[in-house]
1. When you look at residue 14, is it open to solvent by 50 Å² or more (accessible area, probe 1.4 Å) and part of a helix (DSSP H, G or I), yes or no?
2. List the pairs whose first member sits in the range 64-82 and is under 17 Å from residue 34 (Cα atoms), whose second member is open to solvent by 80 Å² or more (accessible area, probe 1.4 Å) and outside any helix (DSSP H, G or I), and whose Cβ atoms are under 8 Å apart, counting only residues at least 6 apart or on separate chains?
3. Looking only at the range 69-87, which residues are among the charged types (D, E, K, R) and surrounded by 10 or more Cβ atoms within 10 Å (Cβ to Cβ)?
4. Say whether the condition of being more than 19 Å from residue 30 (Cα to Cα), under 12 Å from the mean Cα position of the chain (by Cα) and modelled with pLDDT of 85 or more is met by at least one residue in the range 70-84.
5. How many of the residues in the range 81-93 are of a type in the set (Val, Ile, Thr) and closer than 14 Å to residue 1 by Cβ?
6. Is it true that some residue in the range 34-54 is open to solvent by 70 Å² or more (accessible area, probe 1.4 Å) and under 11 Å from the mean Cα position of the chain (by Cα)?
Amino acid sequence: MKLHHIAVCVPDIKNAVAWYLEHLEADLSYQDQTWALLDIENTSIALVLPSQHPPHLAVVSSDAEKYWKLTVHRDGTSSIYVDDPFGNTIEFLKPNLIPKDQ
């Protein structure tokens, strides 16, 4: 498995994008009113609204569907969220549906 992104909950996507771009020297890959994806040297950071997504780690998994039916997202990825025994959320992304630039 490979780390794809870390999702951080923020109350305002636009302001969070500005802050993270300035302080992390990241590149903006995607942004709308409910989430954004920032690329840094070795991974990505998703900025998400708490009402839309839980804070989580996302990993690329060739057998993500073993956890349950995958959900197709608006960005073309397909995944499932799984809670570990300690209350953390892991998103398993199916690799053949992830855009090649991610």
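The values are calculated or read from the model by the stated rules, or taken from the named source; none is laboratory data. Values in this document were obtained by computation on a predicted structure and should not be read as measured data. All Cβ positions, glycine included, derive from the backbone under ideal geometry; neighbour counts span all protein chains shown. Protein only, heavy atoms only, side chains kept; ligands, DNA and RNA dropped before computing areas. Shrake-Rupley method; radii C 1.70, N 1.55, O 1.52, S 1.80 Å.
1. yes
2. Hits for this filter: 75/30.
3. Listed by number, the residues that qualify are 75, 83.
4. yes
5. Qualifying residue count, the range 81-93: 2.
6. Taking every residue of the range 34-54 in turn, none turns out to be open to solvent by 70 Å² or more (accessible area, probe 1.4 Å) and under 11 Å from the mean Cα position of the chain (by Cα).
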